[in-house]
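*Asks:* Please read through the structure below; I'll follow up with questions.
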Amino acid sequence: MPTEFEVWAPHASAVAVELADQTLAMTARGDGWWHAPRPPAEPAARGVDYGFLIDGQGPFPDPCSRHQPNGVHAKSRTFDPGAHVWQDGDWTGRQLAGSTIYELHLGTFTSEGTLDAAAGRLAHLASIGVDFVELLPVNAFNGTHNWGYDGVLWYAVHEGYGGPAAYQRFVDACHQAGIGVIQDVVYNHLGPSGNYLPQFGPYLNEAGDTGWGSSLNLDGPDSDPVRRYIIDNALMWLGDYHVDGLRLDAVHALRDDHALHLLEELATEVDVLIATTGRPLSLIAESDLNDPRLITPRDTGGYGLTGQWSDDFHHAVHVAVTGETTGYYADFELLGALAKVLTHGFFHDGTFSSFRGRTHGRPIDTARMPAWRLVVANQNHDQIGNRATGDRLSATLDTGQLAIAATLTLLGPFTPMLFMGEEWGASTPWQFFTSHPEPELGEAVRTGRIGEFARMGWDPALVPDPQDPATFERSVLDWDELSEPAHARLLGFYQALGRLRRSCPDITDPRFGRVAVDVDENERWLRLRRGDTEILVNLGTEPREVPTDAPALLASFAATGDAVQGRTPTAVLLAPHSVAVFGAPE
């Protein structure tokens with residue numbers, strides 16, 4: 001537990017810390033930092049509420065607050081992360097290579113919406129072969145429920161989820177269940193309510209706005225402490241909270257002209273922590289750039305991140321199973337687009353993007369880059385929640401089509417990520433929801449959301465109101481669906497795919513050169529070969545003969561009946577909307 005209060009306020013003339021019964025003047029250290037000793041009788045176990053006065057204004061919450069029990073506009077409370085007695089001494093960490101990620105939002109994963117309740121579902125996740133839980137942002141935001149990307153106090157855990165102590169219990173429980181934790185963090189912008197950082201110093205890039213909120217001052221005057229603020233936050237999650245990896249939100253929105261990019265600097269610092277702790281730690285970037293430099297090692301000119309998302313995979317699978325070709329889906333209309341993604345990682349790798357109206361991306365060196373560095377999903381929070389009605393694939397597809405998407409994701413060459421509930425074809429949508437207490441902000445979000453989709457031709461009456469509590473409530477998973485036969489059948493197939501990932505070396509082979517794809521555009525079938533293992537898919541509405549000479553059927557699924565309706569020495573007859581996996585007998 002620190003023995004001093006400290007805060008960075010480089011342009012302030014006077015700074016004080018306000019407690020419940022006294023105000024302590026702080027002393028300038030000469031480098032923009034101010035400090036004051038904490039009272040010796042401070043009850044560390046309970047915590048002390050405090051706020052900072054900047055030139056007589058405030059009190060404001062601590063930019064590095066660990067605990068905000070009364071909301072983002074209130075005083076901070078001291079929290080001792082060392083008070084937790086960790087039970088994960090046997091946990092040695094987990095590599096991203098060969099792993100499966102499960103993305104979840106704490107507020108809608110269970111009806112309770114808490115970290116402790118989520119820990120009660122870990123056995124379910126283990127049953128489908130989950131290696132990492134990826135939590136949407138948990139940092140403190142204004143209101144009761146939110147996706148998490150409106151956070152303003154990055155060091156604090158949202159109180160509605162249980163606060164920082166519950167977070168430690170959750171990570172501890174995950175590790176004891178053999179599951180790692182990846183935390184989604186947002187370093188590219190701040191939320192619209194409760195952002196007091198400008199009161200302290202030049203944290204923000206006043207010339208830049210990401211479209212979601214104010215961007216950070218990463219390369220201007222006084223930017224070094226701002227960069228340190230971000231890096232120390234990352235190290236806090238990985239160190240104090242024993243987290244195993246970070247998902248870095250929208251890194252293409254980081255405005256950084258510094259010679260040493262923030263991402264490279266962060267990766268270097270995390271490598272130091274890896275050497276210190278002796279356990280693997282992962283940094284996964286969400287990027288719209290299709291730029292493999294993010295995951296290229298630093299000694300060959302890259303940033304040295306562990307992995308990055310590939311939206312091209314999502315788009316190609318989505319178009320293949322749904323036939324939807326509007327907007328950015330247009331370039332993925334042919335099955336050949338999916339074949340290219342499976343064998344080259346990106347579809348747009350220097351090709352023309354009709355959605356952007358320009359060339360986009362650059363090629364991956366498939367001879368050297370392991371395929372597992374790309375994290376892929378057929379559904380995720382963005383691709384569901386940013387649709388007008390938040391509809392999952394299960395809203396329009398049959399279970400055979402859902403099984404096809406699952407198989408391409410889980411048995412393809414990349415690191416798969418599932419979105420909560422997809423494993424049983426959850427019928428609940430996942431919609432865009434907010435709970436801004438300020439009426440004017442709530443109205444701005446409401447009208448902006450409706451207006452955005454009205455311009456796309458949607459009936460405004462069909463677009464859910466983000467501020468309506470019912471929008472949030474509709475998005476909560478219904479775990480009772482697991483007892484229904486159709487949902488249980490799909491879940492059983494996901495569990496079978498999870499077992500295949502663990503038992504079949506071909507599936508986790510990281511070499512692009514061991515991947516081959518054949519497609520028939522007219523008959524709508526695809527054959528994905530991974531070494532001696534073959535995944536055969538019939539996307540059409542009629543039975544189709546697909547070539548294969550693989551000896552043993554390892555798994556299969558069809559919308560109705562058996563997937564394999566017949567076979568010859570060189571082919572199998574697949575049912576409509578079905579998938580079959582063949583390989584060597586176990």
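*Asks:* Using Cα atoms only, what is the angle between the long axis of helix 439-454 and the major principal axis of the chain, expressed in degrees (0 to 90) to the nearest 10?
*Replies:* It works out to around 20 degrees.
*Asks:* Right, here's the next one. Can you give the accessible area of ARG358, probe radius 1.4 Å, in Å² rounded to 10?
*Replies:* Near enough 120 Å² of accessible area.
*Asks:* Counting only protein heavy atoms and a 1.4 Å probe, tell me what percentage of the chain's accessible area is made up of carbon and sulfur.
*Replies:* 51 percent
*Asks:* Follow-up. Quick one: ranking VAL181, VAL476 by accessible area, 1.4 Å probe, largest first, what do you get?
*Replies:* VAL476, VAL181
*Asks:* Kindly identify the stretch 181-322 as rounded, prolate or oblate by the Cα gyration tensor criterion: order the square roots of the eigenvalues as a ≥ b ≥ c, call it rounded if a/c is under 1.5, otherwise compare a/b with b/c, prolate if a/b is larger, else oblate.
*Replies:* Oblate is the answer for the stretch 181-322, as a/c is 1.5 or above yet b/c matches or exceeds a/b.
*Asks:* So what is the calculated 222 nm ellipticity per residue for the chain, using -39500 (n - 2.57) for each DSSP H run with n of 4 or more, over all residues, to the nearest 500 deg cm²/dmol?
*Replies:* -7500 deg cm²/dmol
*Asks:* Please report the net charge: other residues with Cβ closer than 13 Å to the Cβ of ASP172, K and R +1, D and E -1.
*Replies:* The answer is -4.
*Asks:* Would you mind pulling out the separation of the Cα centroids of the stretch 422-465 and the stretch 518-578, in Å?
*Replies:* Cα centroid to Cα centroid, the span is 39 Å.
*Asks:* From Cα pairs below 8 angstrom and at least 6 apart in sequence, can you work out the relative contact order of the chain, rounded to a whole percent?
*Replies:* Normalised by residue count, the contact order of the chain is 11 percent.
*Asks:* Note the full-extension length gain between THR447 and THR325 as 0.36 nm times their separation in residues minus their Cα-Cα distance, in nm to one decimal.
*Replies:* 41.2 nm
*Asks:* What shape does the stretch 1-83 have by the C-alpha gyration tensor, where a ≥ b ≥ c are the square roots of the eigenvalues, rounded means a/c under 1.5, and otherwise prolate means a/b greater than b/c and oblate the rest?
*Replies:* Cα axes put the stretch 1-83 in the prolate bin.
*Asks:* Compute the separation of the alpha-carbon centres of the stretch 110-135 and the stretch 160-193 and state it in Å as a whole number.
*Replies:* Cα centres, the stretch 110-135 to the stretch 160-193: 12 Å.
*Asks:* By how many nm would the segment from ALA177 to GLU438 lengthen if fully extended, with 0.36 nm per residue of separation less the alpha-carbon distance?
*Replies:* 89.9 nm
*Asks:* Using a ≥ b ≥ c from the Cα gyration tensor of the chain (square roots of the eigenvalues), is it rounded, prolate or oblate, where a/c under 1.5 gives rounded and otherwise the larger of a/b and b/c decides, a/b for prolate?
*Replies:* The shape class here is prolate.
*Asks:* Next question. For the chain, find the longest principal axis of its Cα atoms and tell me its angle to the long axis of helix 163-176, 0 to 90°, nearest 10.
*Replies:* 40 degrees
*Asks:* Let me ask something else about it. Per residue, how many Å² of accessible area does the chain show with a 1.4 Å probe?
*Replies:* So the chain comes to 38 Å² accessible per residue, rounded to a whole number.
*Asks:* Once label points are set 7 Å from the Cα along Cα→Cβ at both ALA259 and THR276, what is their separation, rounded to one decimal in nm?
*Replies:* Going by the 7 Å Cα→Cβ label model, 2.6 nm.
*Asks:* Could the peptides 248-256, 562-570, 311-319 be put in order, highest first, of the mean number of other beta-carbon atoms found within 10 Å of their residues?
*Replies:* Order by mean packing, descending: 311-319, 248-256, 562-570.
*Asks:* Does anyone have the angle between helix 335-344 and the longest principal axis of the chain? Alpha-carbon axes, 0 to 90°, nearest 10?
*Replies:* 60 degrees
*Asks:* Between beta-carbons, use under 14 Å as the cut-off and find the net charge around PRO510, counting Lys and Arg +1, Asp and Glu -1.
*Replies:* Neighbour charge sum, excluding PRO510 itself: +3.
*Asks:* How do TRP147, TRP33 stack up against each other in accessible area, from largest to smallest, with a 1.4 angstrom probe?
*Replies:* Listed by decreasing accessible area, they come as TRP33, TRP147.
*Asks:* Cβ under 10 Å from GLY531's Cβ, GLY531 left aside: what net charge do those residues give with Lys, Arg +1 and Asp, Glu -1?
*Replies:* Residues near GLY531 contribute 0 overall.
*Asks:* Set the Förster radius R0 to 22 Å, insert the Cβ-Cβ distance between ALA126 and ASP562 as r into 1/(1 + (r/R0)^6), and round the FRET efficiency to 0.05.
*Replies:* 0.15
The values are calculated or read from the model by the stated rules, or taken from the named source; none is laboratory data. Note that the structure is a prediction, hence the values are computed from the model and not measured. Don't worry about glycine lacking a Cβ; one is built from the backbone with ideal geometry, like all the others, and counts go over all protein chains shown. The accessibility values were calculated without ligands, DNA or RNA, using every heavy atom of the protein model including side chains. Shrake-Rupley method; radii C 1.70, N 1.55, O 1.52, S 1.80 Å.
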